[in-house]
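Accompanying notes for the structure given below.
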Amino acid sequence: MELISRETIKPSTPTPPHLKIYPLCFIDHIVFRNYIPILLFYSANHHSKNHQASKISTLKKSLSHVLSRYYPFAGNLRDQLSIECNDQGVSFLVTTFTCNLSSILHKPNHQTFHPLFPDQLQWNPMETPSSPILAIQINCFACGGIAISVCMCHKVADAATLCNFINDWATFTRHSQNQEQEQPELLSSLPFPVPGASFFPQENLPVFPEAAFVKNDTVCRRFVFEAAKIESLKAMVSSSGNVQNPTRVEVVSALIYKRAVSSLGLTFETTAFRTAVNLRNRTVPPLPGKSLGNLVWFLFVTNPGEEAELQELVAKMKDGLSEFCETCGKKFGGKKKDLRFITECLKQATSTRVPEGGSLVCCASWCRFPMYEADFGWGKPSWVTTSECPVKNSVVLMDTRDGEGIEALVNMEEHDMAKFERDIHLLQYASLNPLVQHGS
């Protein structure tokens, strides 16, 4: 790898004085200051190596314009509750690689992806309050392929926010190449992101310490569940008659939970399951899709039964989600907002709700986020992924390129992964790190 350039990109227009202090929502204030990473690969068949320089120039110009809309991302953290929108800018790095993109996509190894991320910030903590909230790296391959990595401070945004930003940047870049449309007119056509604090303001709620982020020595494996295998799982779960309309995410996450407990020699009595739930479509009324911030909360499945079958785990997840919508979905905001309930939730947020000596399987689903729609003008991504996460027994679920399958990035301590990746019941439905399908 060769670092070609390092720049700071600032908003194209200064942030107005009345927007200089951006309030964070009450969920943001307890989130740890580490970086969420995402990595988008674009195959060479959409552009040649000779055009890489012009494309990078276009990316920088469009990023500057879009930052005038996403102005908090160009500031820095003022304190635990707010951002100073001082137009400090975002980090923008450009690198070149001597290898072809196909060498990475043939058998992807997430442990070798570290150099693809800006300053290897992925999942690492923010060093100082003046560190950039957003960092981007454009990786150029010998074949003409490009990989764009984005690292966003988690305290400011969740994965949905990050996806919205990337898609708006891509849309602006793609349309700005149409000379008939003026850039100010194009920018005004993008929906304006709505601050999460508009719905979940901190107000007079107590300020709690930021949740801890404990890094473990883990390895990452990629398991791909094809659409047909997922349909088979859904049919098996539905056959009991007790579960109706199980979702892709429910059956895959339940299978991973069940096989992790079994292969690692754990028990359901002492191993809880935690998943992040997007609040945007769970509140009454629903929040705008372009809401900024950490608009997620946690759902726990505990003690489902010593010999719980897959359908029982899915049923517990569905029951838990229904209860979640009745409590968090209604009491976090709106007419039934309950400050006492919110305070208790924030107070318990750093607790894993796991018995002493127990374990926790953590899952975050990024499925249905339109990450494969990020077309900067040279086609949609060949593959979208994230970095390995140094939290043991953590799982990130993402769509396959066709939108029907699921890629699961599972992170475990090495001795546990050696057992999990060989679990025959898991491999009946999942392929371990297959070739990335990256057709046009």
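The values are calculated or read from the model by the stated rules, or taken from the named source; none is laboratory data. The shown structure was predicted, so the numbers you read here are calculated from the model rather than taken from an experiment. We place every Cβ from the backbone using ideal geometry, glycine too, and count neighbours over all the protein chains shown. Surface accessibility is based on the protein's heavy atoms, side chains included, excluding ligands, DNA and RNA. Shrake-Rupley method; radii C 1.70, N 1.55, O 1.52, S 1.80 Å.
Checking the structure you have, find out if any residue of the stretch 63-86 is among the acidic types (Asp, Glu), at pLDDT 95 or above and within 20 Å of PHE192 (Cβ to Cβ).
For the stretch 63-86, residues among the acidic types (Asp, Glu), at pLDDT 95 or above and within 20 Å of PHE192 (Cβ to Cβ): absent.
Answer yes or no as to whether VAL214 is within 30 Å of PHE332 (Cα to Cα) and among the hydrophobic types (A, V, I, L, M, F, W, C).
yes
Quick one: would you say VAL395 is touching a helix residue (DSSP H, G or I) at 6+ places or on another chain (Cβ under 7 Å) and closer than 18 Å to HIS106 by Cα?
Here the answer is no, as VAL395 does not meet what is asked.
Is there a residue in the stretch 297-309 that is touching a Gly at 6+ places or on another chain (Cβ under 8 Å), in the same structural domain as VAL237 (by the TED database) and touching a residue at least 40 places away in the same chain (Cβ under 8 Å)?
yes
How many residues does the stretch 156-194 hold that are modelled with pLDDT of 90 or more and either of a type in the set (Lys, Arg) or crowded, with 20+ Cβ neighbours inside 10 Å (or both)?
Here the count works out to 18.
List the strands (runs of 3 or more DSSP E) inside the stretch 358-423, counting only whole elements, that have at least 1 residues being acidic (Asp, Glu) and surrounded by 23 or more Cβ atoms within 10 Å (Cβ to Cβ).
406-413
Within the stretch 132-155, work out how many residues are modelled with pLDDT of 95 or more and open to solvent by 10 Å² or more (accessible area, probe 1.4 Å).
The qualifying residues number 2.
Please work out if ASN178 is in the same structural domain as ALA53 (by the TED database), within 19 Å of VAL66 (Cβ to Cβ) and outside any helix (DSSP H, G or I).
Criteria met by ASN178.
Regarding THR283, is this residue free of Cβ contacts under 8 Å to residues at least 60 places away in the same chain and hydroxyl-bearing (Ser, Thr, Tyr)?
no
Looking only at the stretch 210-232, filter to residues that are touching a Phe, Trp or Tyr at 6+ places or on another chain (Cβ under 7 Å) and within 19 Å of ARG422 (Cα to Cα); which one of those is most open to solvent (accessible area, probe 1.4 Å)?
Residue satisfying both the conditions and the ranking: LYS229.
In this structure, is CYS328 within 25 Å of THR112 (Cα to Cα) and not charged (D, E, K, R)?
no
I'm trying to understand the selection: among the residues of the stretch 62-88, which are open to solvent by 10 Å² or more (accessible area, probe 1.4 Å) and among the aromatic types (Phe, Trp, Tyr)?
TYR71
Residue-by-condition table, conditions (1) within 30 Å of LYS107 (Cα to Cα); (2) in contact (Cβ under 8 Å) with a residue 40 or more places away in the chain; (3) small (Gly, Ala, Ser); (4) part of a helix (DSSP H, G or I):
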{"position": "LYS215", "(1), (2), (3), (4)": "yes, yes, no, no"}
{"position": "ARG222", "(1), (2), (3), (4)": "yes, yes, no, no"}
{"position": "SER232", "(1), (2), (3), (4)": "yes, yes, yes, yes"}
{"position": "VAL243", "(1), (2), (3), (4)": "no, yes, no, no"}
{"position": "LEU255", "(1), (2), (3), (4)": "yes, yes, no, yes"}
{"position": "ALA260", "(1), (2), (3), (4)": "yes, yes, yes, yes"}
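Please go through the stretch 159-181 and pick out each residue that is over 23 Å from THR8 (Cα atoms) and not hydrophobic (A, V, I, L, M, F, W, C).
HIS175, ASN178, GLN179, GLU180, GLN181
Among SER103, SER91, which is the only one that is open to solvent by 10 Å² or more (accessible area, probe 1.4 Å) and assigned to a strand (DSSP E or B)?
Step by step, each of SER103, SER91 is checked, and only SER91 is open to solvent by 10 Å² or more (accessible area, probe 1.4 Å) and assigned to a strand (DSSP E or B).
Report yes if some residue within the stretch 259-279 is in contact with a His (Cβ under 9 Å, 6 or more places away or on another chain), open to solvent by 40 Å² or more (accessible area, probe 1.4 Å) and outside the structural domain of GLN80 (by the TED database); otherwise report no.
yes
Considering every residue within the stretch 189-196, establish whether at least one is under 28 Å from LEU77 (Cα atoms) and in a strand (DSSP E or B).
yes
Can you find even one residue in the stretch 307-320 that is open to solvent by 10 Å² or more (accessible area, probe 1.4 Å) and not in a helix (DSSP H, G or I)?
Yes: one or more hits.
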